[in-house]
1. Cross-chain or 8 or more residues apart, Cα under 21 Å: how many lysine pairs in the chain fit that? Count them up, please.
2. Treat each spin label as a single point 7 Å out from the Cα along the C-beta direction, and report the Thr48 to Trp409 distance in nm.
3. Ratio of the stretch 207-352's C-alpha Rg to 2.2 N^0.38 Å, to two decimals?
4. Rounded to two decimals, what is Rg over Rh for the stretch 18-192 when you use alpha-carbon atoms and the Kirkwood radius?
5. If each DSSP helix of 4+ residues adds -39,500 (n - 2.57) and the sum is divided by the residues in the chain, what number results at 222 nm, nearest 500 deg cm²/dmol?
6. Would you kindly derive the ³J(HN,Hα) couplings of the stretch 113-124 from the backbone phi angles with the Karplus curve 6.51 cos²θ - 1.76 cosθ + 1.60 (θ = phi - 60°), listing them in order in whole Hz, with x for Gly and Pro?
7. Would you mind putting 86-96, 329-339 in packing order, based on average other-beta-carbon counts within 10 Å, highest first?
8. Would you indicate which of (1) 1.03; (2) 1.14; (3) 0.92 is the value of Cα Rg over 2.2 N^0.38 Å derived from the coordinates of this structure?
Amino acid sequence: MPHTSHKSGPPSAPGANAPRLRASWQRSEHYGVPEDEVNPVFSGSVDTESLLYECGREVLQGLQATLANEPISLMLTDSEGLVLSRMCGDAGITKSLDRVHLAPGFYFAESNAGTNGLGLALADRTPSLVRAGEHYCTSLRGYTCAAVPVLDPLSGALAGSVNLTTWSEQSSDLLLALAQTAAGHTSALMLARASGRHSRPAPRGEVFRMYSERLDPPRLSAAWQHPLVEAFEAMRQGRTVLVTGEPGAGKTALAALARRELRPRERLLNARPPAPDEVRQWLRVWEPELGKDETCVVVSGVDTLPAWAASELADRFAALRGDGVAPFVLTAASEAIPAELTPVVDTVVEVPAMRFRPDDVLPLARHFAHRARGRAVEFTPAAARALTAYDWPENVKQLRRVIQKAAAWSETVGVQHLPAEVFANAGHRLNRMQALERDEIVRCLAQPGMTVVQAAEQLGMARATVYRKLAQYGIDVRKFRA
């Protein structure tokens, strides 16, 4: 294996990758990774039951068959950089990778192994190619590594990465393209195995102004009011606030309401991150607005930002912090935001999910219905009970969508105007045929005065079969009673 001399500083790599590599080297130094050797953490076991493992191995096995005579090692990792699987038909590179512990069971994130292909891909959430001397550790400089993140096609969360490693003296022109193809096929196969669910669209990176008339919710329960007051008080004291909560729970709305209460005449912007490869353009749109008089930016989803972008924003935010009110608010799914942003945050406020706020369902439903129809909308007792009893896994976002569609039908919303999802709780994903069957059963039962016996006749099923289907799909008949 070729030997590369030790470097004491980050590489002066040409092209667009240079800033990312320099930032990665700085992070590696901050983590205390030794430069002269790679000594990653070893895990006693790997998760071989996950959908990522199943689909990723299947894709890589197919790719390996076409690269049987090439000195390329194909690897699959989880989102933390733990190597789950490795395939290679070349004994020489396999033995060499064993010596640097690039093998199943070892963590190869930046914090464990310094700058390397898979670690950089996971940190920045974008395809990455790290050649020879661009590696932080000298023992890795005999390799070229191409890695591409794999996203969960249903949630959009980072699931892991596909990594292709070869000798540094080999041509790397096609290595990244092969890794991108493998990662794309893995994600597509995960979607196909997920029982007919649709893929989550890529984030668009929106930046828009929030107006007062769009921030006028009804009076909600203490479960909402408490974090709202907590955020307001923290902002008033000049503390930087991070609002956390499940997707769709209302993090941005809460941040905006607290800010509006503090400064009613302030110009309020919301910046939602795009896909990782478009973050640079997204930052150019709104970052100049930071620090302008009477302007606040709510930066949503900071937990999805690439490490380099989080680092740049952290420096910008730190420079804007003073004795007064911070001109920005952050939101994220959890407190697990990029480490670069952690020192910027003074107060974390959590917004409870809708399943913990059943008293808020009907006030919000009436509010959304009024907004959709332009006048007050009523709900029948059965519809109100069904809405309140439902868990709302997608939170306020799902409630708004359901109510807007229901209000388009009538000024009095009944169970017949609500979708089947509100009445069922199967506890597992349904395939397309199961979903159609569930929806038809709900449609029959939602008809006024319909009994299970009558529904069975209309559906052409035995009564025992209908009762079995009710249990299978978690359909509660009591929700249809007036």
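1. Values: Lys251/Lys397; Lys397/Lys405; Lys405/Lys479; Lys469/Lys479.
Taking the chain as the scope, the lysine pair count is 4.
2. It is 5.0 nm.
3. Numbers: Rg = 14.1 Å, N = 146, 2.2 N^0.38 = 14.6 Å.
Computed over Cα atoms of the stretch 207-352, the ratio equals 0.97.
4. 0.93
5. Helix-only estimate at 222 nm: -12000 deg cm²/dmol.
6. Whole-Hz 3J(HN,Hα) from phi for the stretch 113-124: 10, x, 4, 7, x, 5, x, 5, 4, 6, 5, 9.
7. Working: 86-96: 16.4, 329-339: 19.4.
Order by mean packing, descending: 329-339, 86-96.
8. Label (2) holds the value from this structure.
No lab work stands behind these numbers, since they all come straight from the coordinates. Keep in mind the model is a prediction, meaning the values are calculated, not measured. Quick reminder, even Gly has a Cβ in these numbers, built from the backbone with ideal geometry, and neighbours come from all protein chains shown.
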